[in-house]
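Novice: Can you read through this structure? Questions will come right after.
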Amino acid sequence: MPDALTAHVDAFARTSLPPESEWPRLLFELPELQYPEWLNCATALLDDTIARYGGDRPCLLAPGQAPWSYDRLLATANRVAHVLTDDLDVVPGNRVLLRGPNSPWLVACWFGVLKAGAVAVTTMPLLRARELGDIREIGRVALALCDHRFLDDLEALTPALPTVAYGGQAPCDLSRRVEAHPPTYEDVRTAAVDVALLCFTSGTTGRPKATMHFHRDVLAIADTFSARVVKPEPDDLFTGTPPLAFTFGLGGLVVFPLRAGASTLLLERATPAELARHIVEHGVTVCFTAPTAYRAMVSTGDVAGLATLRRAVSAGEHLDEGTWRAFHEATGIGLIDGIGSTEMLHVFISAADDDIRPGATGREVPGYHARIVDPAGRPVPDGTAGRLAVQGPTGCRYLADPRQRTYVEDGWNITGDTFTRDADGYFWYHARNDDMIVSSGYNIAGPEVEEAVLSHPDVLECAVVGVPDDARGSLVKAYVVSREGADRGPALIRSIQDHVKAEIAPYKYPRAVEFLDELPRTPTGKIQRYQLRRRSHPETPQGG
């Protein structure tokens, strides 16, 4: 890749890419994936969409707020870009952290960052100061744009991170500062292979990994999974529960609808019952959420009124056949299952309509290739369980992380999942083959939870594992050896759980805690987590 093919003045992201010899093989077999050398995905998703469909159409909706048209989003994003470049001296390639719940202002900030040629680092509002500090350190973040209600954890960082609040009424708030700038902006002419996003994912060691995605990657997920499987239409209204910090949410709630000229209803947070209510009230036609939410809506009967829904996409955890059939029976809608990863940016195996086989994840999304391999990387026969390997127009590029050589083998992305493929090319999920716990669609690193539990004053030792759960897929369970004299009762369990919620994002806390006199260990002292998994679920096979 020629070094000259970049608009980045700050070269950190580019120089932090792994060597090309460690990249996966990238495939651009579909004609729509032949992108020009110079490409700004914000221009393509917003300015170009307006040129095709018009700017007075609804774009962003939020409960209790006036809808934002495409023209309003464009003007606001352009003004945000002016603030970044004119007032805050942001240059192309700088990393800008975004923090806040799903909202029109968060989307406007995301577009403003990309229009300015900077790199968007979108984070969840649930993250605590320690987690934000890791992200800042790894990504060398220069600036943060933060919802005015979620400043505390950023303000706790040392040294201070320059931060501009948005959505508030203070004179220095971004929503006020943009008023001094024009509604037009000349978007930075970035290269298609300039880094646009740093997307963080938990590592099994507890230290997060930054995945690096180019401007062309953002369009590629819309031009493959969305265009070929979801098949959105300009009159569609999208909604869902995943935060925009999750690539599942970023694609499903921003990239896909805007690429198609559709609109999106942004929910700060919603229970399954609230999600169903918003679908009914707003006439939503496309929904993105985890199987947990679909399962809950079926069990409570909230699916009964989803008459406007024509597409329902499920990802983040395995969709079991029972949930698929129950939702289909109640609504007539065939849930679109899919597997993706932060490393790949979005879904690469899925199926819709008559292609669906309940219980199977699906087939290769057009533009991607997948196979099942053994521990040595050799393809295995159909019907044989093995590791899932994927290639396509997107792929893993970790920021300066040796784990790149683990995720990519011989040009293939090795996702960490165990699957079988049948003779018809359908992929059937078995389990994760690493130490990641997937609970309600969230990837949770056990070692990170262990570290938080161990910082409780009454905890001597701790091991965290995922245990099967009908509602969430897996539960985070902590096995704890308490300090001598501690009362091993409900009060201590609640104290440990509350302590973890204060240390790291609350969704990561152990929902089950069991006290042991000692943890099972090998002769060399390594904790035998498979013994703990079997303790909670005796049918779990040995594996370490």
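Novice: Condition first: in a helix (DSSP H, G or I), among the hydrophobic types (A, V, I, L, M, F, W, C) and either touching a residue at least 60 places away in the same chain (Cβ under 8 Å) or in contact with a His (Cβ under 7 Å, 6 or more places away or on another chain) (or both). Now tell me which residues in region 81-112 satisfy that.
Specialist: Within region 81-112, A81, V83, W105, L106, V107, C109, W110, F111 qualify.
Novice: Look at region 455-500 and say how many of its residues are within 26 Å of A431 (Cβ to Cβ) and β-branched (V, I, T).
Specialist: Of the residues in region 455-500, 6 are within 26 Å of A431 (Cβ to Cβ) and β-branched (V, I, T).
Novice: Scan region 272-288 for residues that are surrounded by fewer than 24 Cβ atoms within 10 Å (Cβ to Cβ) and not in a helix (DSSP H, G or I) and jot them down.
Specialist: Within region 272-288, G283, T285 meet the criteria.
Novice: While we're here: Please find, among R387, R421, R363, R378, the residue that is touching a Pro at 6+ places or on another chain (Cβ under 8 Å) and either on the phi > 0 side of the Ramachandran plot or among the basic types (K, R) (or both).
Specialist: It is R387.
Novice: Being crowded, with 23+ Cβ neighbours inside 10 Å and of a type in the set (G, A, S) is the filter here, so list the residues in region 320-350 that pass it.
Specialist: Residues satisfying the conditions are G338, G340, S341, S350.
Novice: Suppose we keep only residues that are surrounded by fewer than 19 Cβ atoms within 10 Å (Cβ to Cβ) and out of contact with any strand residue (DSSP E or B) (no Cβ under 7 Å at 6 or more places or on another chain) within region 44-58. Which one would you say is nearest to N413 (Cα to Cα)?
Specialist: D48
Novice: Let me ask something additional. Take the residues in region 487-544 that are more than 26 Å from L126 (Cβ to Cβ) and basic (K, R), then tell me which one is modelled with the lowest pLDDT.
Specialist: Filtering region 487-544 for residues that are more than 26 Å from L126 (Cβ to Cβ) and basic (K, R), the one modelled with the lowest pLDDT comes out as K526.
Novice: Separate question: Which residue, of A389, A463, A423, is in a strand (DSSP E or B), within 23 Å of R357 (Cα to Cα) and small (G, A, S)?
Specialist: A389
Novice: How do the pairs read when you match residues in region 248-265 that are of a type in the set (V, I, T) with residues anywhere that are not in a helix (DSSP H, G or I), using Cβ under 6 Å and keeping only pairs 6 or more apart or on different chains?
Specialist: Hits for this filter: T264/F238.
Novice: Return the residue satisfying two criteria in turn: it lies in region 113-161 and is of a type in the set (V, I, T) and part of a loop (DSSP other than H, G, I, E, B), and of such residues it is farthest from T241 (Cα to Cα).
Specialist: Looking at residues that are of a type in the set (V, I, T) and part of a loop (DSSP other than H, G, I, E, B), I get T158.
Novice: Quick check on my filter: what residues within region 44-77 are small (G, A, S) and either in contact (Cβ under 8 Å) with a residue 24 or more places away in the chain or in a helix (DSSP H, G or I) (or both)?
Specialist: Selection gives A44, A51, A62, A75, A77.
Novice: Among T190, T239, which is buried (at least 24 other Cβ atoms within 10 Å of the Cβ), in contact (Cβ under 8 Å) with a residue 40 or more places away in the chain, out of contact with any Ser or Thr (no Cβ under 6 Å at 6 or more places or on another chain) and farther than 22 Å from A116 by Cβ?
Specialist: T239
Novice: Looking at V481, is it modelled with pLDDT of 90 or more, crowded, with 18+ Cβ neighbours inside 10 Å, over 30 Å from P358 (Cα atoms) and β-branched (V, I, T)?
Specialist: Taking the combined requirement at face value, the residue does not satisfy it.
Novice: Is there a residue being surrounded by fewer than 21 Cβ atoms within 10 Å (Cβ to Cβ), on the phi < 0 side of the Ramachandran plot and either touching a His at 6+ places or on another chain (Cβ under 7 Å) or of a type outside the set (A, V, I, L, M, F, W, C) (or both) anywhere in region 392-400?
Specialist: No: region 392-400 contains no residue that is surrounded by fewer than 21 Cβ atoms within 10 Å (Cβ to Cβ), on the phi < 0 side of the Ramachandran plot and either touching a His at 6+ places or on another chain (Cβ under 7 Å) or of a type outside the set (A, V, I, L, M, F, W, C) (or both).
Novice: Yes or no: A491 outside any loop (DSSP other than H, G, I, E, B), surrounded by fewer than 16 Cβ atoms within 10 Å (Cβ to Cβ), out of contact with any His (no Cβ under 7 Å at 6 or more places or on another chain) and among the aliphatic types (A, V, I, L, M)?
Specialist: When the stated conditions are applied, A491 passes them.
Novice: If I filter region 121-140 for residues that are more than 29 Å from P506 (Cβ to Cβ), surrounded by fewer than 21 Cβ atoms within 10 Å (Cβ to Cβ) and among the charged types (D, E, K, R), do I get at least one hit?
Specialist: There is no residue in region 121-140 that is more than 29 Å from P506 (Cβ to Cβ), surrounded by fewer than 21 Cβ atoms within 10 Å (Cβ to Cβ) and among the charged types (D, E, K, R).
Novice: With respect to the numbered conditions (1) modelled with pLDDT under 95; (2) within 16 Å of the chain's Cα centre (by Cα); (3) surrounded by 23 or more Cβ atoms within 10 Å (Cβ to Cβ), which one is the sole condition not fulfilled by E317?
Specialist: Condition (3) is where E317 drops out.
Novice: If you don't mind, there's one more thing I want to ask. Could you please let me know if E20 is over 23 Å from the mean Cα position of the chain (by Cα), of a type outside the set (V, I, T) and closer than 26 Å to L253 by Cβ?
Specialist: Taking the combined requirement at face value, the residue does not satisfy it.
Novice: Hey, can you tell me all the residues within region 129-177 that are polar (S, T, N, Q), within 18 Å of P101 (Cα to Cα) and touching a Gly at 6+ places or on another chain (Cβ under 9 Å)?
Specialist: Result: S175, single match.
Novice: Would you check if there is a residue in region 59-68 being on the phi < 0 side of the Ramachandran plot, of a type outside the set (G, A, S) and touching a Gly at 6+ places or on another chain (Cβ under 8 Å)?
Specialist: no
Novice: Just one of L97, L30 is buried (at least 19 other Cβ atoms within 10 Å of the Cβ), out of contact with any helix residue (DSSP H, G or I) (no Cβ under 6 Å at 6 or more places or on another chain) and either hydrophobic (A, V, I, L, M, F, W, C) or more than 27 Å from G367 (Cβ to Cβ) (or both); which is it?
Specialist: Exactly one residue qualifies, and that residue is L97.
The values are calculated or read from the model by the stated rules, or taken from the named source; none is laboratory data. Quick caveat: nothing in here was measured; it's all calculated off a predicted structure. With ideal geometry, Cβ positions are generated from the backbone for all residues, glycine too; neighbour counts draw on all protein chains shown.
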